[in-house]
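To keep things clear, I will list the structure first and then write my remarks on it.
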Amino acid sequence: FEEKVKKTSTPDVKLFIMSFCPYGRQAAKAMIPVYALLKNKANIEFRYVIYPKEWYKGREKEYCIGNYCSMHGINETREDVRELCIANLYGKDKLVEYLEEELQSCTMSNIDICSKEIMERIGIDSEKIEKCVGQNATAYLKEEYELNKKYGVTGSPTLLINEVRYTGQRTPEAFKNAICSAFIQPPKECEQTLPSSSASPGTCE
């Protein structure tokens with residue numbers, strides 16, 4: 001990976017997940033401390049793996065909003081959009097604060113109630129977010145789907161650093177080292193050591 005990646009002053013990092021893919025959730029948990037460390041030095045984004053409704057003929061209601069679907073069903077599709085709404089309306093820091101709790105305590109069956117409780121606890125207006133989901137779902141999902149196509153993303157998690165796919169270990173320390181290898185001039189934050197307990201290597205696709 002380090003030989004292939006083009007070095008830049010501000011590495012571009014996109015972690016594509018499905019909000020309820022177990023492997024995607026593990027990767028998101030591993031990325032959170034990296035985000036906290038490098039958020040002012042690299043552009044780190046959480047993005048979503050979205051499939052076209054043609055793949056779900058006859059089951060669109062169970063999986064899709066408009067033309068776009070998520071692998072584990074409509075609750076996952078809605079949560080993907082909810083997280084995009086939080087990022088767009090409140091910024092990435094607030095999304096990460098939300099994810100820290102959501103990844104620990106919510107399940108696909110309780111997500112509607114669980115997410116609302118977290119949002120209220122951390123100062124996000126849940127009604128504003130649900131309104132955003134209603135108004136922007138199609139546009140946001142289309143944007144994610146186009147990104148998936150552009151980068152050939154088909155599974156969760158997929159990590160791209162300066163548009164190069166990372167396939168190494170899924171630990172905070174490994175993610176940090178991969179991102180730090182993409183700086184022309186690595187910042188001093190790269191000298192910090194993060195946890196290195198590894199998540200499972202599987203993928204939802």
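The values are calculated or read from the model by the stated rules, or taken from the named source; none is laboratory data. Please read these numbers as outputs of a predicted model, since none were measured by experiment. Note: accessible area is taken over every heavy atom of the protein model, side chains too, but ligands, DNA and RNA are not part of it. Shrake-Rupley method; radii C 1.70, N 1.55, O 1.52, S 1.80 Å.
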- Task: Can you tell me how much longer the chain between Glu191 and Glu127 gets when fully stretched, taken as 0.36 nm per residue apart minus their C-alpha distance, in nm with one decimal?
- Result: 18.9 nm
- Message: Can you give me the Rg/Rh ratio for the range 89-205, using Cα atoms for both radii and the Kirkwood formula for Rh?
- Response: 1.00
- How big is D, in µm² s⁻¹, for the range 121-187 by Stokes-Einstein at 4 °C and 1.567 mPa s if Rh is the Kirkwood radius over C-alpha pairs? 87
- Query: Debye sum, Cα scatterers, the range 1-108, no solvent: what log₁₀ I/I(0) at q = 0.15 1/Å?
  - Reply: -0.69
- Message: Probe radius 1.4 Å, ligands and nucleic acids left out: which of Leu37, Leu15 has the largest accessible area, and how do the rest follow?
- Response: Leu37, Leu15
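For the chain, give me the percentage of DSSP beta bridges that are antiparallel, rounded to the nearest 5 percent. Don't skip to the answer; put the middle values down first.
On the way: 12 of 19 bridges.
That works out to approximately 65 percent antiparallel.
Ignoring everything except DSSP H segments at least 4 long, calculate the 222 nm mean residue ellipticity for the chain; use -39,500 (n - 2.57) per segment, divide by total residues, nearest 500.
Values: 7 runs with 98 residues, N = 205.
The helix contribution divided over the chain gives -15500 deg cm²/dmol.
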- Anchor Lys116: aspartates and glutamates whose Cα lies under 13 Å away (excluding residues fewer than 8 positions away in-chain): Glu79, Glu83, Glu101, Glu102, Asp125, Glu127, Glu130
- Message: Here are a few candidate values for semi-axes √(5λ) of the Cα gyration tensor in Å: [x] 32, 23, 18; [y] 28, 19, 15; [z] 60, 19, 15. Which one was actually calculated from the structure I just gave you?
- Response: [y]
